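Below is one structure; the comments refer to it alone.
The numbers here are math on the coordinates, done by the rules we state, and not lab data. All values derive from a computational prediction rather than experimental measurement. Note: ideal-geometry Cβ built from the backbone for every residue, glycine included; neighbour counts use all protein chains shown.
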Amino acid sequence: MALKLIRLELARTKEFPDGSHKHGYEFTAPLDAEGHLDETGWKEYRQACTVLRFWGDREEDEHGQLVRTRGGRWAFSYEPGAEDDEPIFRFGDHRFRTGEYVTITEHDGIARPFRVMWVKDPPELHR
């Protein structure tokens, strides 16, 4: 298990037919050797599993955590206890490798596709 920094960018949508590098997420998560989320590692390094949501010039950046919901789904949460979670479809089944795709249901309830742009070692983490 290794903590990795992962960048997702908006893939093709009706609003952005070419995708957008200005809309997406950067998050830290533990991955196994195959590139899947490591739940045991997440439990151990939960506080280090942060997310940054960037959304062009229209919205402020949001900072949050990678969490497990009461229903057992992975989600990004920006305010503990609030109903702001962004569930991620089959997040635990995905391989986080450059070029792969992930679907995230955002605050507005719309499920959008994102492409993995890179996976790399994070800068030194403060524990």
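For LYS22, the aspartates and glutamates whose Cα comes closer than 17 Å to its Cα, not counting residues fewer than 8 places off in the same chain, are GLU9, ASP57, GLU59, GLU60, ASP61, GLU62, GLU106.
Let me have the relative contact order for the chain, percent, based on Cα pairs under 8 Å that are six or more residues apart. The value is 26 percent. Converting the Cα gyration tensor eigenvalues of the chain into ellipsoid dimensions via √(5λ) gives semi-axes, longest first, of 21, 17, 14 Å.
Inter-part distance, the range 95-115 to the range 47-68, computed on C-alpha centroids, equals 14 Å.
Think of the chain as a dipole: +1 on every Lys or Arg Cβ, -1 on every Asp or Glu Cβ, centred on the Cα centre; then among GLN47, PRO113, GLY35, GLY35 lies furthest on the positive end. Orientation-averaged projection of the range 1-57 equals 4.7 nm² [convex hull of Cα atoms, one quarter of hull surface area].
Taking packing as the residue-averaged number of other Cβ atoms within 10 angstrom, the listed peptides 53-60, 90-97 run from highest to lowest as 90-97, 53-60. Packing here is the average count of other Cβ atoms within 10 Å per residue, and on that basis the peptides 3-16, 108-121, highest first, run 3-16, 108-121. Working note: 222 nm ellipticity from helices only, DSSP H runs with n ≥ 4, each -39,500 (n - 2.57), summed and divided by the residues of the chain, gives -1000 deg cm²/dmol to the nearest 500.
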